[in-house]
Amino acid sequence: MPIFEFVCEHCRKNFELLANRSEDQVAPVCPHCQSPEITRMLSRVNARVSSSSRTSSLPQVNSRNCASGNCSTIEIPGPTK
């Protein structure tokens, strides 16, 4: 279930709410002051790439010569299918 971030317009505190199924939802209120005047914030994404090998987990740019001159490919680390 997604977690949504809000800011209270009354007390200016930030808080998170876990999203339930739509039929379970009620109008959210601030957990600090109980005000219903809240605004949903744009959430930041936290992603982590891990690798079991000792190679870099950053994308690698590989250049090579091709018919039109120099060509480059970007290799994104992670499991291959």
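Which FRET efficiency value, to the nearest 0.05, is calculated for residue 73 and residue 40 with the Förster distance at 25 angstrom and r the Cβ-Cβ distance?
Once rounded, the FRET efficiency stands at 0.05.
For residue 33, what charge total do you get from the other residues with a beta carbon under 14 Å from its beta carbon, if Lys and Arg give +1 and Asp and Glu give -1?
Summing Lys and Arg as +1 and Asp and Glu as -1 gives 0.
All of the numbers you see were taken from the coordinates with simple rules; none came from a lab. Quick caveat, the model's predicted, so the values are computed rather than measured. As a convention, Cβ positions derive from the backbone with ideal geometry for all residues, glycine included, and neighbour counts pool all protein chains shown.
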